[in-house]
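Pasting a structure below so you can have a look.
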Amino acid sequence: MATQKWTVNDETQNQVTRASTLSPRLDYAAQLVDKILEALVQRKFELHISTLSLYTKKKENTCTSLEFERQLNIELEIFRAVEALRQVRSHIDSVFGLGNIIQVLAPTISIVRTIRARLLFLFPGTDVALGELSLVLGGLMIDTGQLTGAKLDFQDANHESTRLLDEAKLIADSKISKQFPNLDLP
């Protein structure tokens with residue numbers, strides 16, 4: 001009995017199957033980010049109307065500063081989450097092949113987990129979707145690492161995620177400062 005030139009063993013079939021599921025899962029991650037962003041942007045819009053009303057009342061001395069500051073802090077946290085998730089979406093969009101998935105997506109997992117922790121009590125409606133997004137991104141990283149043999153440098157990934165979160169914070173703080181001038185933001 002002659003052996004075939006092209007044989008597919010269980011390990012090869014497993015790798016091909018895993019590789020073929022990467023693109024749909026990447027698309028699913030993008031859809032999850034879009035869904036979460038949509039909910040957060042809507043919530044931010046609703047909060048902004050309320051905060052703007054409190055800002056006007058504060059200027060007229062008809063509401064307490066504490067009430068306004070509490071509302072502003074919630075709006076600011078959601079604004080920061082929106083900007084950070086836009087960074088995550090940008091990273092997902094910049095994946096162009098198997099070779100760069102780990103480098104591009106590594107910082108996004110930490111970003112998503114940070115956002116999830118910050119929004120847990122402020123906007124619990126996003127917790128399940130953020131948890132699912134974290135799992136999808138983590139699964140993509142694990143499968144890509146197994147397929148390519150690439151190693152993840154956690155130090156670089158954490159440094160990059162911190163940089164991206166700081167950038168998102170600066171963008172959000174700048175936009176809020178323009179909307180509510182002469183405020184000290186936390």
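Dipole magnitude of the chain about its Cα centre, charges +1 at Lys/Arg Cβ and -1 at Asp/Glu Cβ only, in debye to the nearest 20?
In total the dipole reaches around 240 debye.
Spelling out what I want: for every residue of segment 169-175, take phi, set θ = phi - 60°, compute 6.51 cos²θ - 1.76 cosθ + 1.60 (Karplus), and round to whole Hz; glycine and proline get x.
So the Karplus estimates, Gly and Pro as x, are 4, 4, 5, 5, 4, 5, 5 Hz.
Lys and Arg at +1, Asp and Glu at -1: add these up for the other residues within a Cβ distance under 10 Å of Q103 and post the number.
With Lys, Arg at +1 and Asp, Glu at -1, the net is -3.
Provide the net charge surrounding A129, with neighbours chosen by a C-beta distance below 12 Å and charges set as Lys +1, Arg +1, Asp -1, Glu -1.
-2
While we're looking at this one, here's another question. Can you list the HN-Hα couplings for segment 134-148, worked out from phi with the Karplus curve (6.51, -1.76, 1.60; θ = phi - 60°), rounded to whole Hz and with x for Gly and Pro?
4, 5, 5, 5, x, x, 4, 5, 5, 5, 5, x, 5, 6, 9
Quick one, which of (1) 57; (2) 42; (3) 37 is the actual percent of Cα pairs over 26 Å apart calculated for this model?
Label (2) holds the value from this structure.
Hey, what's the chain come to in accessible area per residue, 1.4 Å probe, Å²?
60
Please quote Rg/Rh for segment 135-182 to two decimal places, taking the Kirkwood radius as Rh and restricting both calculations to Cα atoms.
1.27
May I ask you to rank L120, L133, L66 by accessible area, largest first, using a 1.4 Å probe over the protein chains only?
L66, L120, L133
Residues with beta-carbon under 15 Å from that of D153, excluding D153: net charge, scoring Lys, Arg +1 and Asp, Glu -1?
Its environment carries a net charge of 0.
Any of K44/K178; K35/K151; K57/K169; K35/K175; K35/K178; K44/K175 with alpha carbons more than 20 Å apart? Name them for me.
Long pairs (Cα-Cα over 20 Å): K35/K151; K57/K169; K35/K175; K35/K178.
The values are calculated or read from the model by the stated rules, or taken from the named source; none is laboratory data. Just so it is clear, the structure is predicted and the values come from calculations on it, not from any experiment. So basically every Cβ, Gly included, is an ideal-geometry build from the backbone, and we count neighbours across all protein chains shown. Surface accessibility is based on the protein's heavy atoms, side chains included, excluding ligands, DNA and RNA. Shrake-Rupley method; radii C 1.70, N 1.55, O 1.52, S 1.80 Å.
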